[in-house]
1. Just for the stretch 252-293: of the residues that are part of a loop (DSSP other than H, G, I, E, B) and under 20 Å from the mean Cα position of the chain (by Cα), which one is surrounded by the most Cβ atoms within 10 Å (Cβ to Cβ)?
2. List, please: which pairs have Cβ atoms under 7 Å, are six or more places apart or on different chains, and start with a residue in the stretch 624-648 that is over 23 Å from Ala549 (Cα atoms) and of a type in the set (Val, Ile, Thr) and end with one that is away from ligand 2 (no atom under 12 Å from the Cβ) and open to solvent by 10 Å² or more (accessible area, probe 1.4 Å)?
3. Within the stretch 35-60, how many residues are of a type outside the set (D, E, K, R), surrounded by fewer than 19 Cβ atoms within 10 Å (Cβ to Cβ) and in contact (Cβ under 8 Å) with a residue 60 or more places away in the chain?
4. I'd like to verify a number: residues in the stretch 387-400 that are assigned to a loop (DSSP other than H, G, I, E, B) and either in contact (Cβ under 8 Å) with a residue 40 or more places away in the chain or surrounded by 24 or more Cβ atoms within 10 Å (Cβ to Cβ) (or both), how many?
5. Can you name every residue in the stretch 607-654 that is buried (at least 23 other Cβ atoms within 10 Å of the Cβ), among the small types (Gly, Ala, Ser) and in a strand (DSSP E or B)?
6. Name the single residue, out of those in the stretch 110-133 being on the phi < 0 side of the Ramachandran plot and assigned to a loop (DSSP other than H, G, I, E, B), that is most open to solvent (accessible area, probe 1.4 Å).
7. Are there any pairs, at least 6 apart or on different chains, whose C-beta atoms fall under 7 Å, with the first in the stretch 270-297 and within 23 Å of Ala543 (Cα to Cα) and the second part of a helix (DSSP H, G or I) and of a type in the set (Val, Ile, Thr), and if so, which?
Amino acid sequence: MRITVQDGRVIKIQGDPDHATTQGALCTKVSRYAERSYHPERVLTPLKRVGPKGRGQFVPVSWDEALSDIAGRLKAIAARDPEAILPYSYAGTMGLLQGESIAARFFNKLGASQLLRTICASAGGAALAATYGHKVGMRVEQFAFSRLIIIWGSNSIASNLHFWTLANQAKRQGAKLICIDPRKTETADKCHQHIALLPGTDGALALGLMHELIVNHWLDQDYIDRHVDGWDGLRERALQWPPERVAEVCGISADEVRQLARDYGTTKPAAIRLNYGMQRVRGGGNAVRLVALLPCLTGAWRQAAGGMLLSSSGFFAPYKNTAQLERPDLLAGRTPRTINMSTIGDDLLREASPEFGPKIEAVIVYNSNPVAVAPESGKVVAGFQREDLFTVVLEHFLTDTADQADYVLPATTQLEHLDVHTSYGHTTVLINEPAICPQGQALPNTQIFRELAARMGFTEPCFADSDETLARQALVDGLSFDELRATGWLQLPIADAPFAHGGFPTPNGKVQADAPGLGLPDYVPNYESRQSSPELARRYPLAMISPPARNFLNSSFVNVKSLRDIEGEPLLEMHGDDAAARGIQDGQVVRVFNERGTYRCRVALNPRARPGVVNGLGVWWRKLGLDGTNVNELTHQRLTDMGEAPSFYDCLVEVQADSLRAA
Ligand SMILES: Nc1nc2c(c(=O)[nH]1)N[C@H]1C(S)=C(S)[C@@H](COP(=O)(O)OP(=O)(O)OC[C@H]3O[C@@H](n4cnc5c(=O)[nH]c(N)nc54)[C@H](O)[C@@H]3O)O[C@H]1N2
Ligand SMILES: Nc1nc2c(c(=O)[nH]1)N[C@H]1C(S)=C(S)[C@@H](COP(=O)(O)OP(=O)(O)OC[C@H]3O[C@@H](n4cnc5c(=O)[nH]c(N)nc54)[C@H](O)[C@@H]3O)O[C@H]1N2
Ligand SMILES: [Mo]
């Protein structure tokens, strides 16, 4: 980003035309970053709760009063058991400094519970690690030169714009673009073909593609022999998936399977842009393993513009000094329990027990809005409303989570603080220089944890490290902070075709079809589907997915007026046939419900929804919804097959016209 500042105020935000991946473009959301940062509702002083829990009633207090009181409360809890204290953070900023640097040191020194950060990507991450050894893939720039691009489980125009620009370049050069997504997204509109499979059936489709690659002799047997472990077993498994069986499971036609396999097996270079949307189901890990094997069977990796990309973040691992930033040595031999962020609803409501450990007595939330984004939010809210829970939230705004706090502490935005960023879509390291002064009394997360550490009596010199010191510590010797500061970003040294000759980051350099300890991947049906839970499906016959609305970033930007005006209000997209069967009309208010709860919103009958699947666009702030709920009222806390991730898009519901409104 390039920020233009006049008299200390941001007047313009642009993409940087010199950066190879972004090429001068910003997505709609981030181009409104100034509107967000100067928002009249920014929290600009520390706030202390005065009203009942959860009502969002606060009075401003001084930093000193807030920090001293918080430190006092934490000390008292820690004296009984530090594991009763829980940090909760995720994607608000993904920077190395304002994420887990001083914060991690703070919680390590304290001996607090550790947070298992699973809410987004850990099923796919575990699957890539099992298959390739790490989260590695194609260099994103190379997609511009592909002849076939399969965009699989990603609404790239909305959530991965910089990739879309490259895919579009390939399209102009004659490449074929195919989108695999239950929803007819903005991206599907712009592809040559859209395959609208049922949610959670991607593993079956991948097996069917393998079947066709085998029977039509579209395999690169030399690449397989040299670089793939476990092919014989996988081959046998794939041969059990003829197109007709796949069609039945996926809710598509056998010809769609055959044609997709033909395109994939006979076009070179062929690239797959897989994204995290398809791993938010029970079998997400197995599905990613199966898709990740496809380019290894056709030898697509031989060409720079062939292969697949889910995440590039593993490429950064050798260049990041996580231990130096987070200082696990401060645990001093203790091994606190871990709490999975995706089951925060259940865990906040759990009593002390030998298996669980102590009841959670305090939560410190930063860079996250769990009340809106975590599954089964009825339970998350009930947990945060516990009278005996002490909650501190570092935030820019009074989000649904901040409303539940005992203290809200004003944090800086990325315009106001220093940070270093890696990426999961490209391969450059970036610096985030502060462009303006902190607004009001806001402080960077790092500084808030420094001040808290001092009041807790933590005397280790590492708690005094400045942000610049942290930035230098974040990178290993191969990358120079001074060079980064001078140029804005540094490209990692990665070959254009990194796996043309194998060399995957597994112990023996080979792709693991048969992964140690896991065996072969298979199709794993959803927890909730007509096939796997027919009784449940009789009561709740519609599958609901909840991908992000185009103009929001998870629950960020929902309160930015110009963006919310584009989205309008929370919507449920529904197919005309499903609506007709229920007497539902376009634009009507509906009740969407299952055993976990009820969510009311307006229905949009439109072709973006396929029959049998409804799309509840997310992630709205609960308090801006019709009756103070959002889609996560309906999602559940069961975890994926790998990586212990949530299965947001594995969810059955029923929909009815809202009788209150209809009357
Ligand atoms: N505008 C916008 N951009 C974002 C975000 C945002 O909230 N808003 N979030 C950011 C973050 S944190 C992330 S992790 C990435 C996520 O980016 P993506 O991985 O691209 O994920 P989503 O956009 O959540 O979902 C992608 C698509 O998956 C589809 N989908 C749902 N279930 C299935 C399935 O079972 N199979 C298949 N094949 N497709 C399925 C959805 O309909 C959706 O269109 O985007 C980032 N970019
Ligand atoms: N139903 C459903 N639920 C989902 C998803 C879905 O597709 N469907 N997507 C999931 C995914 S992919 C993800 S990644 C999670 C994301 O969930 P979260 O990590 O909670 O992300 P956000 O909702 O964007 O909330 C981040 C908060 O951090 C704050 N913030 C931003 N920068 C800073 C900072 O520098 N300091 C501090 N202290 N605060 C800051 C923002 O104001 C914002 O309120 O949600 C998940 N939830
Ligand atoms: Mo995410």
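1. Looking at residues that are part of a loop (DSSP other than H, G, I, E, B) and under 20 Å from the mean Cα position of the chain (by Cα), I get Val281.
2. Thr640/Arg282
3. Qualifying residue count for the region: 6.
4. 7
5. The one that is buried (at least 23 other Cβ atoms within 10 Å of the Cβ), among the small types (Gly, Ala, Ser) and in a strand (DSSP E or B): Gly616.
6. Just the residues of the stretch 110-133 that are on the phi < 0 side of the Ramachandran plot, to begin with: 110, 112-132.
Next, only the ones that are assigned to a loop (DSSP other than H, G, I, E, B) stay: 112-113, 117-121.
Working: Ala112: 0, Ser113: 2, Arg117: 85, Thr118: 5, Ile119: 20, Cys120: 31, Ala121: 15 Å².
Filtering first and then ranking leaves Arg117.
7. Hits for this filter: Leu274/Val288; Leu274/Val291; Gln279/Val288.
Table: residues versus (1) closer than 30 Å to Arg2 by Cα; (2) aliphatic (A, V, I, L, M).
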position	(1), (2)
Asp467	yes, no
Asp477	yes, no
Val511	no, yes
Gln531	no, no
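The values are calculated or read from the model by the stated rules, or taken from the named source; none is laboratory data. Every value quoted in this text rests on a predicted model; they were computed, and no experiment measured them. Cβ: placed from backbone, ideal geometry, glycine included. Neighbour counts: every protein chain shown. To get the accessible areas, we keep the full protein, side chains included, count just its heavy atoms, and leave off ligands, DNA and RNA. Shrake-Rupley method; radii C 1.70, N 1.55, O 1.52, S 1.80 Å.
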